[in-house]
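Below is one structure, written out as structure tokens, with a few remarks after it.
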Amino acid sequence: MLYVLVLTVFILIGVIVFLLYQVHIKNHYYQYKADKMDAMEADYEEQIQKLQTTVEELNKTAFTHTVTKIGNIDYFIDRCAALFHRYPLSEFVMVGFSISNMGKINQIFGPSEGDKVMIYTADILRFSVPNNAVYAHVNSNLFGILFRDVTEDAILKSIDEITQKLANYSPTFAVTASFGIYPVNQKNSSDSLMDIMNCTLLAQKAITDPKHQNYAYFTEALNDTYNKNRQMSQEMEEALEQNKFIVYLQPMVDLHSYQIVSAEALVRWDYPGKGILSPYAFLPLFESSSLIQKLDYYMWEECCKLIRRWMDNKMTPVPIAMNISPIHLQSPAFIDKLEQLTKAYLIPKEFIILELPERGVANASREVAEIIGQLKAHGFLLCIDNFGSVHSPLNLLKDFPIERIKLDRSFLNQNCNSDEGLTILRYLIAMAKELNLTVITEGVESLDQANFLTDIGCDIAQGYFFAKPLTVRAFDQLNKSMLRTLYRPSEYYPTFEDFEKDVDILTQMMQRVG
Ligand code: C2E
Ligand code: MG
């Protein structure tokens, strides 16, 4: 009995020890698990924190301009939208400004100096913009400031402060800026921030005298012009495909023989519902975008086709003077285009004269001078167009490998009514002749002018006295009738021999003129 009792006690003790051991192990296990969980939690927290920092940094980078390290366009969109939403009754004014002489700074001092100017501008904004305004570096050369509930005076004061600080950028050159001011109409909720910024850009373009006043307000009239221009740009591509741009030719006449020796190709736009548009109606718009390149390429090709047709039809081809927009002189790519065209249509180079506008070559950089040299090396005849219209630096005449100068219509008009003016014309032409240049005078409207120009040695004239710009058909007729006077009219019937004779006559004229 005792034996059984002792055994039971032992068994009970054994069970208790076993159970205690189990509890201990479990506790140990749970402790282990809890420790592990704690460690994992800490790890997770650390990971989450790291992730949050990375996201914050990414957000910061995504909202920061890479060069100036102030808010960028995305930041501006975000902040402006938040402000418009938060203050629906506030009055907002957007000021967009660009560094006006940025192109020149990059060109003269290099892009790294340009970056420094941008960073300096951003610093000005950091310290000058009032607290209730947000600012950003919107894109390459556009900064924006959104003012909330501030008076016009305060805005103009800010503009003035920024202008002054920019002017102090360097002792050797001033940085200048143009400011466009656009009062934001919150009711017009369809306006995106880019629309708003575009309005400030339009306003900037309306600045007429930046030295006197470097800011302008956006007006509805500007908006109408902008919309009209946008519509016109859209229509242009279509018009090119439908051959709605037409080549008109204005004869250039040899002042000794009164024969047509060449013609200037002038573009016209046959615009549905409006008739034939003058280039003054659309070229300024095209020149402010890349449309001008497309238009010029089109015109050059039309001219090459025309010369080819004259040659194929055994008509007397005359050299055609084609206008080269100043934008082409920024890069030599257009020379390849001209080469391709002359090769494709088998046009001898002496039938192509390139009119380089004075505003594109005056104060020309080394790059422009190189491009002009390349054009010459390719065998094109070069003429400086509109000579005397703005700058007329005389060293253009010796610095560039040109054959011709064309005196601008305004130059003739300014100088043909006074003795002093006539003297200037006489000496300019004499000097050009000394330099072996052919002189063409544009805008000749009377016999007196033509006679005077002949007397003082001008070679060629172009103007309404001889003919206005003509359709190709009218030009061909005029050219033919002028040549006809060289034969006895009854005998005249153009044959291949006639064509050869015409070419001989033309060659003689060219020799006389050139
Ligand atoms: P521009 O090259 O100086 O061309 C001469 C302009 O003077 C032409 O105006 C011509 O019609 C006008 N003109 C000629 N003689 C007289 C005259 O006796 N009296 C008056 N009042 N005007 C005369 P247009 O055709 O309106 O062309 C204006 C300008 O547009 C051209 O000036 C040229 O710079 C540009 N342009 C014309 N066609 C083209 C083109 O195909 N490409 C480019 N890039 N520019 C072109
Ligand atoms: Mg011209």
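The values are calculated or read from the model by the stated rules, or taken from the named source; none is laboratory data. Values in this document were obtained by computation on a predicted structure and should not be read as measured data. Don't worry about glycine lacking a Cβ; one is built from the backbone with ideal geometry, like all the others, and counts go over all protein chains shown. In case anyone asks, the SASA skips ligands and DNA or RNA and just uses the protein heavy atoms, side chains included. Shrake-Rupley method; radii C 1.70, N 1.55, O 1.52, S 1.80 Å.
How far, in nm, would the chain grow between Tyr30 and Tyr217 when pulled straight, counting 0.36 nm per residue and subtracting the alpha carbon separation?
Details: separation 187, 0.36 × 187 = 67.32 nm, distance 7.44 nm.
Going from the current span to full extension adds 59.9 nm.
P(r) tail, the range 235-513: Cα-Cα pairs separated by more than 35 Å, 15% of all pairs. Glu339 exposes around 30 Å² of accessible area when a 1.4 Å probe is run over every protein chain in place.
Do any of Lys406/Lys480; Lys116/Lys157; Lys305/Lys376; Lys228/Lys294; Lys244/Lys337; Lys376/Lys398 go past 18 Å between their Cα atoms, and which? All intermediate terms of the calculation are to be shown ahead of the outcome.
Details: Lys406/Lys480 25 Å; Lys116/Lys157 25 Å; Lys305/Lys376 22 Å; Lys228/Lys294 20 Å; Lys244/Lys337 22 Å; Lys376/Lys398 14 Å.
Among Lys406/Lys480; Lys116/Lys157; Lys305/Lys376; Lys228/Lys294; Lys244/Lys337; Lys376/Lys398, the Cα-Cα distance tops 18 Å for Lys406/Lys480; Lys116/Lys157; Lys305/Lys376; Lys228/Lys294; Lys244/Lys337.
Between Leu19 and Tyr427, the simple spin-label model (points 7 angstrom out along Cα→Cβ) gives 12.8 nm. Solvent-accessible surface (1.4 Å probe) assigned to Ser389 amounts to roughly 50 Å².
Rounded to the nearest 0.05, what FRET efficiency do Ala167 and Ser278 give with R0 = 41 Å and r taken as the Cβ-Cβ distance? Could you check? Spell out each step's value before the answer.
Values: r = 40 Å, r/R0 = 0.99.
So the FRET efficiency works out to roughly 0.50.
Principal axis analysis of the Cα atoms in the range 1-158 yields extents of 116, 45, 20 Å, listed in decreasing size.
Each part reduced to its alpha carbon centroid, the range 357-387 and the range 14-78 end up 68 Å apart. Of the accessible area of the chain, computed with a 1.4 Å probe over protein heavy atoms only, carbon and sulfur atoms account for 56 percent.
Please give the direction-averaged projected area of the C-alpha convex hull for the range 175-293, in square nanometres with one decimal. Please list the in-between numbers first.
Values: hull surface 49.6 nm².
The orientation-averaged projected area of the Cα hull of the range 175-293 comes to 12.4 nm².
Rg ratio for the range 101-145: its Cα radius of gyration over 2.2 N^0.38 Å, N being its residue count, equals 1.26.
Counting every alpha-carbon pair across the range 268-414, the share separated by more than 22 Å comes to 44%. For the set Thr219, Thr454, Thr208, the ranking by accessible area, highest first and with no ligand, DNA or RNA atoms included, is Thr208, Thr219, Thr454 under a 1.4 Å probe. Here the sum of -39500 (n - 2.57) over DSSP H runs of 4 or more residues, divided by the residues of the chain, equals -18000 deg cm²/dmol at 222 nm, to the nearest 500.
Under 16 Å from a label point set 7 Å out along the Cα-to-Cβ vector of Glu434, the amide N atoms of the range 378-412 belong to 394-399. Projected onto planes of every orientation and averaged, the convex hull of the alpha-carbon atoms in the chain covers 44.7 nm². Rounded to the nearest angstrom and listed largest first, the equivalent-ellipsoid semi-axes of the range 73-218 from its Cα gyration tensor are 26, 15, 14. For the pair the range 155-170 and the range 195-251, the centres of their Cα atoms are 28 angstrom apart. Summarising the amide proton neighbourhood of Ser90: residues at separation of 5 or more, or on other chains, whose placed amide H is nearer than 5 Å comprise an empty set.
Heavy atoms of the protein chains alone define the surface here; on that basis the chain has 56 Å² accessible area per residue at 1.4 Å probe size.
Give, as ranges by residue number, the residues of the range 128-144 whose backbone N falls under 18 Å from the point 7 Å along Cα→Cβ of Asp115. The answer is 137-142.
The protection proxy used here, the mean number of other Cβ atoms lying within 10 Å of each residue, ranks peptides 275-286, 375-386 as follows, highest first: 375-386, 275-286.
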